[in-house]
Amino acid sequence: MRTKWKGFVFVLLVLLALVYAGGSYYFSSVLIASPTQSLADGKAYMIELLGETNLPPPEEVSIPAGDVTLAGDYYDNPLDGRCAVLLLHGYSGTRYGAMQYAPLYWDRGCDLLAYDARGHGASTPAYHTFGYYEKLDGQAAFNWLVDRAGLQPSQVGVTGVSYGAATALQMAPLIPNAAFVLADSSYQDMYTITAYQAVQMFGSWVKLFVPGAIFFAQQRADFKVDEVSPLTAVTQTTIPILLVHAKADAYTAATHSEAIFAQSNPATTRLEITDWGAGHGGSITVDYDAFAQLVDTFLTELVPGFGLSSGR
């Protein structure tokens, strides 16, 4: 009888282990291999969001970045303000997902580069590592932009939203002479946002699978979740940083940017929590003029002489 009972317990444990492994593998796919937006949908979203702009048709470019090639759009500004800005979109989006920030810099005479993150849009298919490899891609794109625009690194800034904001912050130690980083609605680290979003998407029961999902994600994409941390990156840079976060953001709470700010250099970092009723990454679209004023004030104070005057 005892032998049968032990056999039953063994089989049950094996089945539970298989269920846990299967569930963890599935959730790891949600984490690093979720479907992404098509370029057509991304462009349609940009047109709906921005309407007509004064941007010229871009030059489509390909940027080598280690094991991937990044596909993007380069906008050569005829005003020649001797400045440029790299624009980074959010998770599952495309190069068009950061174009709402373009007007901030176009009137200053800045060239612009927006590209699809690895595993997004027309860039090389790849797992999503939330900044672990993306920061290296961003560094390659930044260097490409410096050369293409014929500028010094100190004349080139980086602006990102959400996933792109977290990538921009993690890039900062790799581009020590950059003009600035504007990070809108960043997460503080991958584990914190993963654990939170898992519960939001599937319910509190999924907490059990988070460690397993993290394990499989790391093995499959060959990266370390503990090293995906804007919170840590900001302690390793003195680049001027503007952190913006909507107070009403329910997707990534404003406490993430507050935590990042607490670890940043107070002499070169500014935090703006907007109370305009905006959702995640939406401050600029809810009140563009107020958002632009935040950016103008930041640049005037910490990056004087960046490009031409804003023209507003």
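Here are the numbers for this structure:
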| item | result |
| --- | --- |
| Trp144, Trp276, ranked by accessible area, largest first (probe 1.4 Å) | Trp276, Trp144 |
| Region 182-231 and region 57-93: distance between their alpha carbon centers, rounded to Å | 28 Å |
| Using alpha-carbon coordinates, inclination of helix 210-221 to the longest axis of the chain, degrees | 70 degrees |
| Computed magnitude of the charge dipole of region 124-213 (debye, nearest 20; Cβ of K, R +1, Cβ of D, E -1) | 100 debye |
| Helix axis angle, 190-202 relative to the chain longest principal axis, alpha carbon, degrees | 70 degrees |
| Net charge of Cβ neighbours under 9 Å - reference Leu242; Lys, Arg +1; Asp, Glu -1 | -1 |
| Paired Rg and Dmax values of the chain, which use every Cα atom, in angstrom | 21.0, 86 |
| Within the chain, percent of DSSP bridges classed antiparallel, to nearest 5 | 30 percent |
| Protection proxy ranking of 28-39, 77-88 - average other beta-carbon atoms within 10 Å, highest first | 77-88, 28-39 |
| Positive-end extreme of charge dipole, region 1-156 - chosen from Tyr127, Gly150, Gly97 (charges on Cβ) | Tyr127 |
| Principal axis dimensions, region 1-150 - Cα atoms, whole angstrom, descending | 86, 32, 20 |
| Helix 2-32 axis, angle to the chain major axis (alpha carbon atoms, nearest 10°) | 10 degrees |
| q = 0.17, 0.24 Å⁻¹: log10 I(q)/I(0) that the Debye formula gives for region 164-218, counting C-alpha atoms only | -0.65, -0.91 |
| Area of Ser309 that stays accessible when all protein chains are in place (1.4 Å probe, Å², to 10) | 90 Å² |
| In sequence order, calculated HN-Hα J values of region 73-78 (Karplus, 6.51, -1.76, 1.60; Hz; x Gly/Pro) | 10, 10, 10, 8, 7, x |
| Relative contact order [Cα under 8 Å, 6+ residues apart], region 1-134, whole percent | 25 percent |
| Dimensionless Rg/Rh of region 122-262 - Kirkwood Rh, Rg from C-alpha atoms | 1.00 |
| For peptides 201-207, 149-155, 255-261, sequence by mean Cβ density within 10 Å, most packed first | 255-261, 149-155, 201-207 |
| Sequence of His280, His120 when ordered by accessible area, the most exposed leading, probe 1.4 angstrom | His280, His120 |
| Label-reachable residues, region 285-304, where backbone N falls under 15 Å from a point 7 Å from Asn54's Cα toward its Cβ | none |
| Kirkwood Rh (inverse of mean 1/r, distinct Cα pairs), region 224-312, angstrom | 14.2 Å |
| Per residue convex hull volume, Cα atoms of region 66-107, in Å³ | 91 Å³ |
| Relative contact order (percent, whole number), the chain, Cα cutoff 8 Å, 6+ residue spacing | 17 percent |
| Estimated dipole of the chain in Debye, rounded to 20 [Cβ of Lys and Arg +1, of Asp and Glu -1, Cα centre] | 1520 debye |
| Accessible area of Tyr25 in the full protein assembly, 1.4 Å probe (Å², nearest 10) | 100 Å² |
| Structure-based [θ]222 nm, the chain - -39500 (n - 2.57) summed over DSSP H runs of at least 4, per residue, nearest 500 | -13000 deg cm²/dmol |
| Accessible-area ranking of Val14, Val19, largest first, probe 1.4 Å | Val19, Val14 |
| Alpha carbon convex hull of region 124-166, volume per residue in cubic angstrom | 80 Å³ |
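The values are calculated or read from the model by the stated rules, or taken from the named source; none is laboratory data. Bear in mind the structure is a predicted one, so any value in this text is a computation, not a measurement. We place every Cβ from the backbone using ideal geometry, glycine too, and count neighbours over all the protein chains shown. We work out accessible area using only protein heavy atoms, side chains counted, and drop any ligands, DNA or RNA first. Shrake-Rupley method; radii C 1.70, N 1.55, O 1.52, S 1.80 Å.
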